Each structure stands twice: as structure tokens, then as C-alpha cells.
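Below: one structure, written as C-alpha cells.
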Amino acid sequence: MGAGELSGRDVLARSVRGQLRRVALGSALGCVHQLGEALVPVLIGVVIDQAVAGRNAGRLMLWLGVLALMYVTLSWSFRLGAKAGERGAEEAAHTLRLAIVGRVLDARGGAEEGRLPGELANVATEDAKRVGAVNMALMSGIWAIAGVAVSAVALLLISVTLGLIVLLGTPVLLWLGHLLSKPLERRSEAEQDRAAHASGVAADLVAGLRVLKGLGAQQAAVERYRRTSRVSLAATLRSARAESWQTGLVLALTGGFIALIALVGGRLALNGSLTLGQLVSAVGLALFLLGPLETFAWVNAELAQGRASAARVAEVLATGPAVVEGDEPVAEPVRGELRVRGVRLGGLDGVDLDLRAGQLTGIAVTDPAGAEALLRCLGRETDPESGSVELDGVPLTRLDPTGLRAAVLVAAHDAALFEGSLAANVTPEEEPQSEESELRTEHAMAAARADEVAESLPSGTATGVGEGGRSLSGGQRQRVLLARALRAGSPVLVVHDPTTAVDTVTEARIAEGLREFRQGRTTIVVTNSPALLAVTDHVILLDAGRVGAEGTHAELVRTDATYRTAVLA
């Protein structure tokens with residue numbers, strides 16, 4: 001699914017088109033089922049008129065055999081049709097989930113802007129499921145239409161009056177059901193919005209649980225979630241009330257409609273216009289119509305919720321990229337020289353940097369906002385408001401984002417670990433296992449001192465780290481994250497505060513390991529850690545969004561008061 005001018009209607013149409021064969025097969029089988037269901041009361045009427053009333057045992061056995069065959073046919077057609085419909089709904093939801101995840105993971109970014117991770121997860125799960133369910137609803141609607149059509153034709157053959165009541169009354173019922181579904185659609189969209197926000201807040205609170213405990217802010221966090229949850233609950237209750245009102249009113253209208261058919265049929269039988277068998281058939285058909293008409297009510301509710309969810313999905317898929325996509329491939333081999341010229345963004349105020357190829361460069365900051373802005377520019381999560389960033393003399397805006405991500409890895413200090421083993425979090429799953437691969441992993445873990453983390457765990461590198469790495473301490477998580485960044489082996493590596501949660505002795509050993517492991521490759525460490533800055537080839541101080549000083553760590557400690565304050569205070 002592409003981005004651009006995408007609407008909820010487009011999402012629904014593409015979802016159905018993608019499963020058209022299954023929907024068509026399920027609809028055809030469902031129509032056979034409805035034909036059989038509608039003919040059952042007709043056949044019972046024929047049995048009464050031709051076999052029971054005439055006391056003909058031979059005809060009775062013949063028509064009972066026909067009825068048995070009819071039941072077998074309608075039973076299997078329903079099973080196979082429902083299977084095709086459910087498969088279509090699940091496949092459509094799965095395809096939509098892949099499209100949403102693909103957009104979120106797009107190297108150009110943008111989908112996550114203004115949305116909590118929990119919100120995006122809700123869109124990719126609940127909303128995708130509701131949009132996929134529209135395929136089943138559409139198929140069920142076709143079944144119901146077929147059932148009403150067959151019943152109307154059968155009633156016309158029995159009595160023109162009864163047939164016309166069905167033919168004229170059903171469109172009115174459908175129109176009223178559509179009108180009654182409008183409030184449900186609005187409230188369903190509000191419900192999903194509130195539920196997604198509550199999910200996002202919950203995910204944020206769980207991710208920051210250690211920090212909250214350290215600050216003693218658990219109660220404030222609980223209150224925040226409680227308020228958000230209450231708003232979500234209120235929206236859900238409003239949606240449930242709207243759905244119950246819609247269902248109740250449609251069922252009441254349907255019941256009145258069926259009662260009208262039965263009343264007219266009874267009067268026709270009393271004045272001799274219908275035989276006993278025809279009256280039984282008419283009443284049976286009227287009762288059968290309850291099923292298709294109730295299905296219409298369910299379909300209206302499903303379509304209302306599907307339209308609301310499709311609008312939310314379209315909003316994510318249509319989100320514009322955060323950066324313009326370049327089409328120039330990254331030149332091989334990557335030397336790793338980065339140049340920043342006149343960049344303005346966030347805390348950066350026209351900054352100029354020359355980050356030499358093959359060197360370990362430290363960048364200290366007096367304002368954390370400057371560090372965040374620089375990382376976003378180097379990783380091309382955002383293009384600067386003015387100025388440019390170049391890799392080996394080529395502006396990043398001209399390079400393909402996917403190739404750029406492979407060449408320049410920005411390892412944020414708050415990156416997350418995935419649920420699974422420690423080894424799986426360090427070594428890429430798609431990489432084939434080999435002696436060389438295992439050796440690279442061992443070296444990366446030793447450089448980051450993550451091997452010590454593995455030794456402290458019950459099953460070593462096979463130990464699960466839990467969701468988000470929550471079974472590890474803050475320092476252990478940082479070492480595993482650094483090992484993962486080193487193991488990637490990118491030509492250019494940018495790391496941000498990789499050792500804030502480790503002790504000073506371990507930090508010094510990590511600094512030496514980092515320098516040795518990245519020898520000869522471009523490495524940038526954005527940090528105010530003296531231990532890390534001491535092993536760099538060159539240090540740049542960013543002060544008030546500009547370059548305040550340059551030199552080695554020892555020189556700047558000796559000659560620059562601002563640097564001493566930022567790094568040693």
C-alpha cells in the first residue's frame with residue numbers, strides 16, 4: 001500500500017480487492033447455503049400439501065429424501081464458505097499489518113512522529129483486524145441479500161402480496177440500518193483513538209518503570225495512566241451504547257417486519273387465498289428472514305467499525321516521510337568522512353564539523369538538545385532546517401536512505417533490546433552461523449564488556465533478556481547495546497552516551513575496548529564522559545549550538561574552562 005493521498009475508503013477497497021477470489025468463493029458458497037435455507041420451508045409446505053394432506057407415503061419418503069439432501073448441501077456450503085471468508089479476513093488483516101509495519105520501519109521515517117509506540121501497535125493490531133473483518137462482513141452481506149432475494153421470489157410465487165412486502169420493505173430496513181450505524185462509526189473511531197493513546201501511555205510507563213521507581217514517581221505515573229484509562233473507558237462505553245442501540249433498534253424493526261409478513265399471510269390463509277402448506281411455507285420463510293435481516297444489522301455495525309479503523313490506518317500509511325528520499329547509492333568502499341556545514345536544527349546554530357575518516361572522534365556538549373539534534377542529522381532521521389551533512393563529499397539528501405543506514409549506524413543511548421536471548425540481540429538473525437561470525441560476536445562482546453554480562457547469567461548468551469531487556473540492569477543493558485552496535489560493523493558508527501550506567505572501572509575498560517575494536521574505522525562518540533573522551537583521537541566541544549573548542553581531551557582539560565565544566569563537573 002502506498003502513501004500519498006490515501007483515504008479510509010481506499011484502504012477498505014484495497015483490502016477487499018486483495019482477497020477478491022476468497023470473498024467471491026465464500027459468497028458463492030454462502031449463496032448456495034442461503035438458497036438451501038430458504039427452500040427448506042418451501043419444501044416443507046410442498047410435503048404438507050402433496051404427501052401429508054394426500055396421505056401418500058411414497059411422496060412423503062421422496063420429499064423427505066430431498067430435504068435430507070438439501071440439509072447436507074447447505075451444511076457443507078456454509079462450512080466451506082465461512083472458511084473462505086475467515087481466511088480472507090485474516091489474510092487481509094495480515095497484509096495490512098505488514099504494510100503498517102513496513103511504513104513504520106521505512107528508512108525515510110515520519111510515521112512515528114506525534115504518535116506513541118503503543119498507538120502504532122494498536123493500529124497495526126486492532127485496527128488492521130477490524131479492516132480485515134470487513135471482508136467477512138461483505139461476504140455475509142452478500143449471503144443475506146441472496147437469502148432475502150430467494151425468499152422474496154418464493155413468496156411471490158406463493159402470494160404476490162407477501163413477495164412485494166419483502167421486496168419493498170427490505171431496502172427500507174437496510175437504509176434505516178445504515179442511518180443508525182453512523183453514530184456507531186463516529187464513536188468507534190473515538191474509542192480506538194482513546195484506546196490507542198492509553199496503550200501508548202501504558203507502554204511508556206512500563207518502559208520507564210526503573211526510572212520511575214528511582215525517582216519515587218510511581219504514584220504520579222499510576223494517576224496519569226488512571227486518567228487516560230478512564231477517558232478510554234468512557235469512549236468504549238459510549239461506543240458500546242451506540243452499538244447496543246443500533247442493534248436493538250434494527251432488531252425491533254426487523255421483528256415488526258416479520259410480524260407484518262406473518263399477519264398478512266394468516267389473513268390470506270383465512271380467506272382461502274393460501275393453502276395450509278403455503279401458509280406453513282410463508283410463515284417459515286418469514287422466520288427464515290430473521291437470519292438475513294439480523295445479519296444486515298451485524299454487517300452495518302462491522303462496516304461502521306471497519307470504516308473508522310480504516311481511516312486511522314490510512315492516516316499512518318499516508319504520513320509523509322521525515323526526509324526526502326535520495327536515489328544515489330552509497331559509494332563503495334565507504335571512507336567514512338563526515339562534513340557538517342552550517343547546520344541549524346534544534347539546539348544546533350549553524351554548526352560546522354569535520355569528522356575525519358578512520359578516526360575516533362569525541363563530541364562533548366553543554367546542551368543535550370544539541371547532541372540530540374546532531375544525532376538526528378547524522379542518522380538522517382531529520383534533515384536540517386538549513387545547511388548540509390555530507391558523507392565522503394556527497395550530501396546525505398542525495399543518498400538512498402536504506403544504503404545510508406547500512407553505512408552510518410547511529411546507536412542511541414535509549415535504544416531497546418528485543419525479547420529473546422542475549423546472543424540473538426547481538427548477532428543478526430539473518431546472518432548464517434559460521435566460525436567467523438561467532439568470532440566477530442565474541443570480539444564485539446569483549447570490547448563492550450558484555451561477555452562479563454553473559455558470564456553472570458544462568459545460561460550465558462542463551463539466557464533470555466525479557467521484553468525490552470528488563471531482566472538486565474541498566475549497565476548490563478548498555479553493554480549489550482554497545483556490543484550490538486559494534487557487532488554490526490558499519491563503516492561509520494555514532495554512539496551516544498554508551499556508559500552512563502556503568503561504574504568508572506568498567507567504563508575505562510569499555511573505552512579501551514571500543515578504541516581497539518574500531519581501529520581504522522570512523523567512530524564518533526557523543527558524550528561528556530572523561531573516560532571515553534580520553535581515548536579519542538580528537539575532541540570537539542559544542543557550546544550553545546556551535547563549535548566552542550577543538551583538540552585532544554588532555555589539551556582541552558588544560559586550556560578550556562567551558563570544556564572542564566562540561567566534562568569534569
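Before moving on, here are some points about what is shown:
- Of ARG509, ARG521, ARG515, all but one fail to be among the charged types (D, E, K, R), farther than 21 Å from ASP354 by Cα and either assigned by TED's automatic domain parsing to the domain that holds GLY346 or crowded, with 22+ Cβ neighbours inside 10 Å (or both); the exception is ARG509.
- Residues that are closer than 29 Å to VAL32 by Cβ and either modelled with pLDDT under 70 or not aliphatic (A, V, I, L, M) (or both) were ranked within segment 256-275; the one that is nearest to the chain's Cα centre (by Cα) is PHE257.
- Total residues in segment 365-407 satisfying the condition of being more than 20 Å from ARG344 (Cβ to Cβ) and in a strand (DSSP E or B): the figure is 2.
Here is a yes/no grid of residues against (1) more than 30 Å from PRO401 (Cβ to Cβ); (2) basic (Lys, Arg); (3) in contact with a strand residue (DSSP E or B) (Cβ under 8 Å, 6 or more places away or on another chain):
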{"residue": "LEU263", "(1), (2), (3)": "yes, no, no"}
{"residue": "LEU268", "(1), (2), (3)": "yes, no, no"}
{"residue": "GLY272", "(1), (2), (3)": "yes, no, no"}
{"residue": "ALA282", "(1), (2), (3)": "yes, no, no"}
{"residue": "PRO292", "(1), (2), (3)": "yes, no, no"}
{"residue": "ALA301", "(1), (2), (3)": "yes, no, no"}
{"residue": "GLY320", "(1), (2), (3)": "no, no, no"}
{"residue": "PRO329", "(1), (2), (3)": "no, no, yes"}
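- Inside segment 323-342, residues that are more than 12 Å from VAL492 (Cα to Cα) and surrounded by fewer than 16 Cβ atoms within 10 Å (Cβ to Cβ) make up a count of 8.
- Considering (1) outside the structural domain of ARG518 (by TED's automatic domain parsing); (2) in contact with a strand residue (DSSP E or B) (Cβ under 7 Å, 6 or more places away or on another chain); (3) buried (at least 19 other Cβ atoms within 10 Å of the Cβ), the lone condition that VAL351 does not fulfil carries the number (1).
- Among the conditions (1) part of a helix (DSSP H, G or I); (2) surrounded by fewer than 18 Cβ atoms within 10 Å (Cβ to Cβ); (3) in contact with a helix residue (DSSP H, G or I) (Cβ under 7 Å, 6 or more places away or on another chain), ALA424 misses just one, which is (3).
- Contact map, segment 272-291: first residue in contact (Cβ under 8 Å) with a residue 24 or more places away in the chain, second residue among the charged types (D, E, K, R) and outside any loop (DSSP other than H, G, I, E, B), Cβ cut-off under 8 Å, separation 6 or more or different chains; pairs are THR275/ASP49; LEU276/ASP49; GLY277/ASP49; GLN278/ASP49; PHE288/GLU37; GLY291/GLU37.
- Residues of segment 107-154 classified as in contact with a Gly (Cβ under 6 Å, 6 or more places away or on another chain), crowded, with 23+ Cβ neighbours inside 10 Å and either polar (S, T, N, Q) or outside any helix (DSSP H, G or I) (or both), total: 1
- Where a residue in segment 365-387 is within 18 Å of GLY110 (Cα to Cα) and its partner, wherever it lies, is hydroxyl-bearing (Ser, Thr, Tyr), with Cβ under 7 Å and at least six apart: ARG376/THR382; ASP383/THR397
- Residue list for segment 447-475, restricted to those being buried (at least 17 other Cβ atoms within 10 Å of the Cβ) and either within 30 Å of the chain's Cα centre (by Cα) or in contact (Cβ under 8 Å) with a residue 60 or more places away in the chain (or both): ALA447, ALA448, ARG449, THR463, VAL465, GLY469, LEU472
- Total residues in segment 467-508 satisfying the condition of being farther than 30 Å from ARG339 by Cα and out of contact with any Gly (no Cβ under 9 Å at 6 or more places or on another chain): the figure is 9.
The values are calculated or read from the model by the stated rules, or taken from the named source; none is laboratory data. Every value quoted in this text rests on a predicted model; they were computed, and no experiment measured them. Glycine also receives a Cβ, built like all others from the backbone with ideal geometry; neighbour counts cover every protein chain displayed.
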